[in-house]
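In what follows, a single structure is set out as structure tokens and then discussed.
Since every read-out is calculated from the coordinates, none of them should be taken as a lab result. In this text, all values refer to a predicted model and were calculated from it rather than measured experimentally. Heads up, the Cβs are rebuilt from the backbone with ideal geometry, glycines too, and the neighbour counts pull from every protein chain shown.
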Amino acid sequence: MSQTEGARLFRETWIAGVHAHFPGEPKPSYVTPWEETPDWERDAAGAVYEQVRQFLGVSDGHASRLTREQKGRFVATCWTAQMFRQFEDPKPGYVADWADLPDWQRETDSDVFEAIEKSLR
């Protein structure tokens with residue numbers, strides 16, 4: 001899978017996760033379709049996809065033994081690094097620590113890791 005296809009997988013999994021885990025009606029930006037996703041966000045999603053793919057590779061697949069929370073934390077940390085890369089002064093919500101993320105976002109980040117993992121099998 002190319003990095004662009006991986007970015008799209010990330011985004012589509014994110015949208016599905018928001019729909020599954022978000023309490024109530026999510027902000028439109030949380031569920032913006034791929035075709036309307038800003039370039040910076042596509043780039044960040046592709047970079048995180050690539051980081052998860054490489055992480056799974058260098059662990060010879062053993063990263064699949066991580067807990068669901070550990071998987072989500074990895075995605076969240078990779079995303080935070082991308083936000084600092086993309087923005088000089090990112091919004092606090094873009095770079096919040098795992099402990100400060102809402103449950104729906106933690107679950108969605110875990111879903112993203114697992115979707116990437118599944119795509120590599």
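Just a few scattered comments:
- First in region 78-98 and small (Gly, Ala, Ser), second anywhere and exposed (fewer than 12 other Cβ atoms within 10 Å of the Cβ) and not in a loop (DSSP other than H, G, I, E, B), Cβ under 7 Å, 6 or more apart: none
- Of all residue pairs spaced 6 or more apart or on separate chains, those with beta-carbon atoms under 8 Å, a first member in region 19-35 that is free of Cβ contacts under 8 Å to residues at least 24 places away in the same chain and a second member that is assigned to a loop (DSSP other than H, G, I, E, B) and of a type outside the set (S, T, N, Q) are 19/26; 30/22.
- Scan of region 42-55 for residues that are without any contact (Cβ under 8 Å) to a residue 40 or more places away in the chain and of a type in the set (D, E, K, R), ordered by number: 42
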